[in-house]
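Values in this text are rule-based calculations from the coordinates and carry no lab data. All figures in this text were calculated on a predicted structure; none of them were measured in a lab.
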């Protein structure tokens, strides 16, 4: 074969390869709303560092917000496709007609905390004392605790002096002696625990007292029915990589060393408490089992908080929970 023939042959081979090559499909975009100080940021960092989104053909566009309420507004306004939001808020919004779907993210919950040397030993001992409550009168954890106490014949609203406020303020009130006990979010409880405070009554205990077989995921991924219908594969792939990230975080202590700069843990005890409580809250059961306990919890909350809390329905909408396609990619 002379040089000219070899050149033409090479050109033909190159052309054939070019014609036969299939370009890689463009990654699908998923717009995510993120509370900058929340644990969702930790999971997304694992996803980023391990290239899980790239491997799944997803392009995650992250918008950071200062509060959970901003994420709710973004979901309602359509400026993001997915955010991590409160289960009860989604259930209530759906009862009022909003077409939103929920998928479990975490069952980590708080507790009523007291000083280590406090004479208070059980929920009945709170009578006559000051109880600080993170959030407002309709905070879900507070209502769950109230419902459980009522079943023991204890009316915490009338038998204690209540103080409501932001989680950091309620933590300070307990530390400064302005409250005898404080019901706070799980991460503030973990921080207090690392400082030597103890748990008087867990929200998980309250859930068990209300008949739940396991704790319900009280925060989760939220997105609209319309988006899920039009982008089912996108949602399913994101859920799959979220599970992969959880598996990495569950089994690798080294992963948490990489996450530590994001965690605002001032000391080793707080860091380990954040790590362990996060792992503990990772859901691992079926959607059907989750929905069954959520339905029981919703009924208990409806009887405690009424329509102001849960909306017009006393029953949890069975269509609230999103079920990924078991045969999807």
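Points to keep in mind about this one:
- With contacts taken as Cα pairs under 8 Å and at least 6 residues apart, the chain reaches a relative contact order of 25 percent.
- Three principal axis lengths of the stretch 111-209 [C-alpha, angstrom, descending]: 32, 26, 24
- Only Cα pairs under 8 Å and 6+ residues apart enter the sum, and on that basis the relative contact order of the stretch 111-209 stands at 49 percent.
- Spherically averaged projected area in nm², based on the convex hull that wraps the Cα atoms of the chain: 21.4
- For the chain, the antiparallel share of DSSP beta bridges with both residues in that region comes to about 50%.
- Among beta bridges from DSSP that stay inside the stretch 111-209, the antiparallel ones total about 50%.
- Spatially, the stretch 172-212 and the stretch 89-120 are offset by 14 Å when compared through their Cα centroids.
- Cα-based Kirkwood hydrodynamic radius, the stretch 48-192, one decimal, Å: 17.6
- Counted over the stretch 181-329 with a bin width of 5 Å, the fraction of Cα pairs per bin, in whole percents, is 2, 7, 14, 15, 18, 16, 15, 10, 4, 1, 0.
- With Cα atoms, 0 to 90° folded angle of helix 140-151 axis to the chain main axis: 40
- Against the chain, whose longest principal axis is taken from its Cα atoms, helix 3-20 shows a tilt of about 30°.
- Spherically averaged projected area of the stretch 143-191 from its Cα convex hull (nm²): 3.7
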